[in-house]
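Chemist: Please see the structure below; I have some questions.
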Amino acid sequence: MAGSPRARNRPSFSIVPRGRKRGNDDGPPRERIPREIRVLIAAAFVIAIGFGLVAPILPQFARSFDVGVTAAAVIVSAFAFTRLVFAPAGGWLVERLGERPVYIVGLLIVALSTAACAFAGDYWQLLVFRGLGGIGSTLFTVSAMGLIVRLAPPSIRGRVSGAYATAFLLGSIGGPILGGVLARFGLRVPFLVYAGALLVASAVVFFQLKGTSLAERRAARDQAPLTVREALAHSGYRAALVSSFANGWSSFGIRMALVPLFASAVLNAGPEIAGTSLAFFAAGTALSLTVSGRLADSIGRKPLVITGLIVNGAAMAALGLSGNVVVFLGICVVGGIGTGLLNPAQQAAVADVIGNGRSGGKVLAAFQMSSDLGAIVGPIVAGVVIDRLLAGSYEAAFLVTGVLALVAAAVWVGARETLPRPAAAGPDAPATAGGEVR
């Protein structure tokens, strides 16, 4: 009987759906990150280590061919330029062929182009080889984002984006330091090591995602694609394009092209400090990623994006005023914290707009293009300011970067929150999350 002592003392059992972890008595069960995403996270770690190897020495390698700051910055922009140009093709290929083959081909292209950079005989060969790598980069970036968007449950999109970014950042912490050490054996050595890391990552994805149905051509074709025009109807997506541009300008442009040169030219530091500065940026980002993804899933995407833009913008504006290595590295950490607050929430907002039930290859490609455009324009503008307008004025170049981040934060203030409401469950809910479209 229900009221008997035996019935009261009998242990109760509950069925936990597959894919979820049993939660606390006070809350719902916790979603697990799908296996395919865990594979992508592992591959991101390997890719990040390799990328971190070449990032701090690339501008110095370019200057070894007797070119100025602007020409050295163009090497960074060339990679982003080809990413920008081929991003629409990447989105189209993902929708036609599926994510897995596009991802693997992209990694192999970057591996070959990176190895070729190690054997460049002059500046123009380096420019061409580095630029070709951007084709492969846009392929594996869009395909990885597409898999994550479709696989991540709506309730943990921020956590998934944070986990993926954390893996990339953990690799980025060790990569620049190792790259600075390897540079002692020659500026060409890190490129060969990076090419090898990409081959390892492509092998991991090939074997571990071999059986996933999401990689098949039919599965990609059966999705009803979300058009860029539909996505632009969401103010959250429009704001994400602006913040992605500002983030590309700062994190992938100025940080990679100007920060190492600033450490060398102004602070009179060697390549080791240049690599360490990028590692400090990555460390600050990794620190904030421990909480930013979960906060984006609880309090919303918008507050995290705005806070991240303000913190990063203030740090970048102050970077040119650092008078010694200690202050310089401290500001690098603060700038990284801002990036860590921004990225998971920003990516989750785009995923909210697309939703799990639709393919969004072209929408993701446009989002990536805005970041690449910032990465292209940022170093070039900064180089012109330093070389032509205000000779040696790194302060002005960093100030422009900070102001741009604050402008992006202001755009987000007027945007709608995209985090799905609890009542709006289901695969189509993210498309209208956060209120009416504006």
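Chemist: If we sort 35-43, 327-335 on the protection proxy, mean other Cβ atoms within 10 Å, highest first, what's the order?
Modeler: 327-335, 35-43
Chemist: Still on this model: Which shape class, rounded, prolate or oblate, goes with the range 338-383 when its Cα gyration tensor gives a ≥ b ≥ c as root eigenvalues, a/c under 1.5 marks rounded, and past that a/b bigger than b/c marks prolate?
Modeler: Here the range 338-383 falls in the oblate category.
Chemist: How much accessible surface does LYS302 have with a 1.4 Å probe, in Å² rounded to 10?
Modeler: 50
Chemist: Determine, from the Cβ-Cβ distance of ARG229 and VAL327 and an R0 of 41 Å, the FRET efficiency 1/(1 + (r/R0)^6), rounded to the nearest 0.05.
Modeler: Once rounded, the FRET efficiency stands at 0.30.
Chemist: Quick one: if the Förster radius is 30 Å, what FRET efficiency do PHE119 and PHE206 give, using the C-beta to C-beta distance and rounding to 0.05?
Modeler: Efficiency, rounded to the nearest 0.05: 0.70.
Chemist: Roughly speaking, to the nearest percent, how much of the range 119-170's 1.4 Å accessible area is carbon and sulfur?
Modeler: Ligands and nucleic acids excluded, carbon and sulfur give 78 percent.
Chemist: What are the chymotrypsin sites (Phe, Trp or Tyr not before Pro) within the range 83-162 that DSSP puts in a loop, where the Cβ has at most 13 other Cβ atoms within 10 Å?
Modeler: Counting only loop positions with at most 13 other Cβ atoms within 10 Å, the chymotrypsin sites (Phe, Trp or Tyr not before Pro) in the range 83-162 are PHE119.
Chemist: So for each of 200-206, 184-190, 237-243 I average, over its residues, the number of other beta carbons within 10 Å; can you give me the resulting order with the highest mean first?
Modeler: 237-243, 200-206, 184-190
Chemist: Under 1.5 on a/c is rounded, so check that first for the range 46-90, then, if it is not, pick prolate when a/b is larger than b/c and oblate when it is not; a ≥ b ≥ c are the square roots of the alpha carbon gyration tensor eigenvalues.
Modeler: Note, shape of the range 46-90 comes out oblate.
The values are calculated or read from the model by the stated rules, or taken from the named source; none is laboratory data. Note that the structure is a prediction, hence the values are computed from the model and not measured. In this analysis, Cβ positions are derived from the backbone assuming ideal geometry, glycine residues included, and neighbour counts consider all displayed protein chains. Ligands, DNA and RNA are stripped out before the accessible areas are found, and what is left, the full protein with its side chains, is counted by its heavy atoms. Shrake-Rupley method; radii C 1.70, N 1.55, O 1.52, S 1.80 Å.
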